[in-house]
Every structure is written in structure tokens, then in C-alpha cells.
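What follows is a short report on a single structure.
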Amino acid sequence: MKKLGYLGMGIMGSAMARNLLDAGYELTVWNRSPEKCAALVDSGATLAATAAEVAATCDITFACVSDPEAAIDLCLGPDGVLEGIGENRGYVDMSTIDVETSQIQEEAILGAGGRYLEAPVSGSKKPAVEGNLIILAAGERTLYDEALPAFDVMGKMSLHLGDVGAGAAMKLVVNMVMG
């Protein structure tokens, strides 16, 4: 079983990370407010000092943060994912972000030797807690295939939609339809 990392402990992220931990994954977590990771650490997760540490020590690192600015800061900022990624490790951003932000992250991660997948989710807190999200992934197919068992824990359905940008675009369509 792959060693997983999870970054971002908002309502959705905490629920998705909890499901991974409860499914038996070895999980390393980080949030800029470490106290938000306390319940997961109490249940067996490892707390990392930085996002870079998570990316450097995990096979696949998942992230779910509030907006494109937070996603860029988490990925490219000081002690961010980019500083730890490499050696063919994967980064899966599950945040709701725009196409341009996904493409910026993909270029940076690939340039550092890592692999990238965008995977925004459709659903709210209740589906996240229940593991019933719909995951709209796009990017490297081999990383999608490796992440699929974890996606199956977090969601009831996951789709691989093609190149990076397709997941963000589909999330926008879903939001428009649901609105």
C-alpha cells in the first residue's frame, strides 16, 4: 500500500484524509495551523513540519485548499510541495481551482521530476464524510491509476477526463448546472 500525504485540513480535506486513514493508509498530514491535524494525528497519522516534507516522504501527496491563491502558495511557496517533490512522486490537487492554476502547478511539478494530477471534487461536507464524492481528475494517466484506490475511498466515482485543465473545466460546468 502506498504511503500517502494530505495537505489542507478544511472541512472537506479533513473528511477525505480521515477516510484514507480509516482505510488503513499510512498517512502524513500538514496544515499551516497544525492543531487542525490533531484528531488525525491522535488516530495514527504522522504530522509533518512542512508541505515540502510531506511531498518528499510520500508516494502520492493529495491537497485540498480553499482557492487558487492558496493552491499556488501551497505548491510553489516557501517550504511548499515543489521543494519536496521529485523522484517520480505524485501530487494530486483536489482543490477547486481554475485551468491556468492547474497548468502552472503541472509545469512546475513536472519540471522538478514529479507527476501531477488535478482532481477537483463534486460534493459537500456530507458526501466527503461518507466517501461519496465525485472526483473529476485530469493529468497523467499513470498517476490517476495509482491514485485510484485512494479515490475509491474518498469518492463513489472518479473520472479521468484527459489533459490537465479538463478537470477544472468540468468542475466549473458541474457548479453551473448545480447552481
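For the chain, which whole percent of the accessible surface, found with a 1.4 angstrom probe, sits on carbon and sulfur atoms? Let's see the in-between values first.
Values: 4250 of 7880 Å².
On the chain, the fraction of accessible area on carbon and sulfur atoms equals 54 percent.
Can you give the convex hull volume per residue for the Cα atoms of region 91-175, as a whole number of Å³? Display every interim value, and only then the final one.
Working: hull volume 6.4 nm³, N = 85.
Per-residue hull volume (Cα only) is 76 Å³.
If you count only protein heavy atoms with a 1.4 Å probe, what accessible area per residue comes out for the chain, rounded to a whole Å²? Please report the intermediate quantities before stating the final value.
Working: 7880 Å² over 179 residues.
Dividing the accessible area of the chain by its residue count gives 44 Å².
Only one of the listed values, [x] 18.6; [y] 19.4; [z] 15.5, was derived from the coordinates as Kirkwood radius over Cα pairs in Å; which label is it?
This structure yields the entry labelled [z].
Tell me, what is the percent relative contact order of region 1-61, built from C-alpha pairs under 8 Å that lie six or more residues apart? Walk me through the numbers on the way to the answer.
Working: 92 pairs, mean separation 26.4, N = 61.
Reported as a whole number, the value is 43 percent.
Given the chain, what percent of its DSSP beta bridges are antiparallel, to the nearest 5? Walk me through the numbers before you get to the answer.
On the way: 4 of 27 bridges.
DSSP beta bridges in the chain are roughly 15 percent antiparallel.
Are there GluC sites (Glu not before Pro) in region 49-124 that DSSP marks as loop and that have at most 16 other Cβ atoms within 10 Å, and which are they? Provide the component values of the computation, followed by the final result.
Numbers: sites: Glu53, Glu69, Glu83, Glu87, Glu100, Glu106, Glu107, Glu118; in loops: Glu87.
Qualifying residues, ordered by number: Glu87.
Can you give the relative contact order of the chain as a percent, counting alpha carbon pairs under 8 Å and 6+ residues apart?
On the way: 404 pairs, mean separation 33.4, N = 179.
With pairs under 8 Å counted, the relative contact order is 19 percent.
Suppose every Lys and Arg Cβ carries +1 and every Asp and Glu Cβ carries -1, with no other charges. What dipole size does the chain come out with about its Cα centre, to the nearest 20 debye?
Values: 12 positive and 24 negative charges, 116 e Å.
Using Cβ point charges on Lys, Arg, Asp and Glu, the chain gives about 560 debye.
Working with all protein chains in place, sort Ser124, Ser66 by solvent-accessible area computed with a 1.4 Å probe, largest first.
Greatest to least solvent exposure: Ser66, Ser124.
Taking Lys156 as the anchor, which lysines have their alpha carbon closer than 22 Å to its alpha carbon, excluding any fewer than eight residues away along the same chain?
In chain and number order, the partners are Lys2, Lys3, Lys125, Lys126, Lys171.
Let me know the charge dipole size of region 99-179 about its Cα centre in debye, to the nearest 20, where only the beta-carbon of Lys, Arg (+1) and Asp, Glu (-1) is charged. It would help to have the intermediate numbers written out before the result.
Numbers: 6 positive and 10 negative charges, 79 e Å.
Its charge dipole is roughly 380 debye.
The values are calculated or read from the model by the stated rules, or taken from the named source; none is laboratory data. A quick note: this is a predicted structure, and the numbers were derived from the prediction, not measured. Cβ atoms come from the backbone with ideal geometry, glycine included; neighbour counts cover every protein chain shown. Protein only, heavy atoms only, side chains kept; ligands, DNA and RNA dropped before computing areas. Shrake-Rupley method; radii C 1.70, N 1.55, O 1.52, S 1.80 Å.
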